[in-house]
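I have placed the structure first, in the form of structure tokens, so that the comments after it can refer back to it.
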Amino acid sequence: MTSKPEKHYPTSFDPRTLAKLQGLALRARHIVEGYVAGLHRSPYRGFSIEFAEHREYAPGDDLRYVDWKVFGRTDKFYLKQYEDETNLICYLVLDVSESMLYRSPGAGLSKLEYAQCLAAAMAWLVLHQQDAVGLVTFDDQIRTNVPPSSNASHLRTLLQVMEDVRPVAKTATGPIFHELAERFRKRGVVLILSDLFDNVGSLMAGLKHLSHRRHDVILLHVLDPAELEFPFRNPTMFQGLEQFPELLADPRSLRKAYLQEIERFRTEVQKGCRRYEMDYRLIRTDQPLDMALSKYLAERSARVR
């Protein structure tokens, strides 16, 4: 019997290597210095004021926008009009429910730690482009809501909020997304990082509400490799999370049904996201951070051109 070839990841981005670094700030800096700082022009580039066209002056118009060169040639007043562009706002929405603490022996980071690293790197990137980023943490209710800011010092606040997370409750994605759709008054990119352990109908209804508000919704579905492959063989005591009890079971008798169910769930979520024109990405916690980032950024860049 031949064994599978061992995966070789760049040392800087291997989740097992990142797990050895103490603190989210250090992990985020490691990711940023090793990869994000080396990116070329970011797809997040948001703020620019570009000339669009002229229109004739009307009484009450602001004289600051008079094009005096045109006046000199035509002896008529025309105003410069500009494209109405504003800074991009990125809302990071981080699931901090108890199930996000799961980490199988083959993964270097828990789902929460991996999602925090992604969120921290994305926050750095948005702020580096002088755009605004905010953060919401949630389980069955909104735990923290840090308003968007483009101040460079804002990164320290976001990292501290994520460091202080203490997951204890279950997930309630649907009601949370409905509430956020009402709270996020200004349109922006809503980047959700979650394992999505919730009812599909409720989840999709909440996401639809965000999309209806004309936000650009990106769903990063963060899962541990064991949750996708169910590699257990011997009778196992499964630890209950999100208020479920422990369960002793024979994995071999459950594996086929489990894999069918997890695939069915993912398929339904993907179909729903396509229906409402939202991005869906499966993120494995054994996946190198640079791979997760580069795939997202490349596809985002191609879509917004």
Scanning region 139-167 for residues that are over 18 Å from the mean Cα position of the chain (by Cα) and surrounded by 14 or more Cβ atoms within 10 Å (Cβ to Cβ) gives ASP140, PRO167
Do you know which residues across region 97-119 are part of a helix (DSSP H, G or I), surrounded by fewer than 24 Cβ atoms within 10 Å (Cβ to Cβ) and hydrophobic (A, V, I, L, M, F, W, C)?
LEU101, LEU118
The condition of being outside any helix (DSSP H, G or I) and aliphatic (A, V, I, L, M) holds, among LEU135, LEU155, LEU159, only for LEU135
So how many residues does region 156-206 have that are in contact with a Cys (Cβ under 7 Å, 6 or more places away or on another chain) and either outside the structural domain of TYR276 (by TED's automatic domain parsing) or within 20 Å of VAL269 (Cβ to Cβ) (or both)?
2
Look through region 171-222, keep the residues that are polar (S, T, N, Q) and not in a helix (DSSP H, G or I), and return whichever of them is farthest from VAL146 (Cα to Cα).
ASN199
Out of region 249-297, which residues are among the aliphatic types (A, V, I, L, M) and in contact (Cβ under 8 Å) with a residue 40 or more places away in the chain?
VAL269, MET278, LEU282, ILE283, LEU289, MET291, ALA292, LEU293, LEU297
Cross-chain or 6+ apart pairs with Cβ under 7 Å, region 150-162 first and under 15 Å from ASP131 (Cα atoms), then among the aromatic types (Phe, Trp, Tyr):
LEU155/TRP124
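The values are calculated or read from the model by the stated rules, or taken from the named source; none is laboratory data. Note that the structure is a prediction, hence the values are computed from the model and not measured. Virtual Cβ from ideal backbone geometry, glycine too; neighbours counted across all protein chains shown.
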